[in-house]
Amino acid sequence: MREALARLLALATGLVVLVAAVAFAGFQNAGTTTAVAAEPPPVAAEADPARIERGRAVYADAGCAGCHAIAGEGNPRNPLDGVGGRMTPEEIRQYTIADPAIADDLAPRVAAAKKEFQKLPADDLDALVAYLSSLE
C-alpha cells in the first residue's frame with residue numbers, strides 16, 4: 001500500500017512540476033511572435049534611402065537581430081518596431097552605444113554588450129541610427 005501511495009505521490013509531483021514549467025514558459029513568451037516578414041518595414045519618406053539601406057546592412061552585419069527583432073525577424077524579446085516614433089535619433093544613438101547618460105536604464109550585461117557599438121565607424125553608426133529612426 002505504501003509503495004502504491006509513494007508512486008502516486010511521485011506522479012502527482014511530476015505533473016505539478018510539468019504544469020508549472022508550461023505555465024512559466026507561456027508567461028515568459030507571452031506576446032512574442034515568430035512570423036517572418038515578407039518585406040522590410042516601411043521607412044519615413046524624408047529619410048535618405050541610401051543611408052537607410054546602409055543602416056539596414058550595419059544592423060545585419062553587427063548581429064543586432066541576436067538581441068532585437070524588426071518586423072518579426074530576430075529575437076522577439078526586444079522588438080524595435082516603431083522605435084523611430086518613440087525615441088529621437090539622439091536617444092536611439094545613446095541606447096545603441098550605451099552612452100553614460102542612460103547607463104542607469106540598462107542592465108550591466110546589456111550595457112557591456114552595447115559598448116561594442118562605440119567602436120563602429122561614425123558613418124556606420126549614423127546610418128544605423130538613421131535606419132532605426134526610420135522605423136515608425
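Comparison of Val110, Val129 shows that the only residue that is more than 18 Å from Gly55 (Cα to Cα) and either β-branched (Val, Ile, Thr) or in a strand (DSSP E or B) (or both) is Val110. The set of residues from the stretch 38-77 being exposed (fewer than 13 other Cβ atoms within 10 Å of the Cβ) and at pLDDT below 75 comprises Ala38, Glu39, Pro42, Ala45, Glu46. For the stretch 78-94, a residue qualifies if it is surrounded by fewer than 18 Cβ atoms within 10 Å (Cβ to Cβ), within 13 Å of the chain's Cα centre (by Cα) and over 19 Å from Glu116 (Cβ atoms), and the qualifying residues are Asp81, Gly82.
The values are calculated or read from the model by the stated rules, or taken from the named source; none is laboratory data. All figures in this text were calculated on a predicted structure; none of them were measured in a lab. Every residue, glycine as well, gets a Cβ built from its backbone with ideal geometry; the counts of neighbours run over all protein chains shown.
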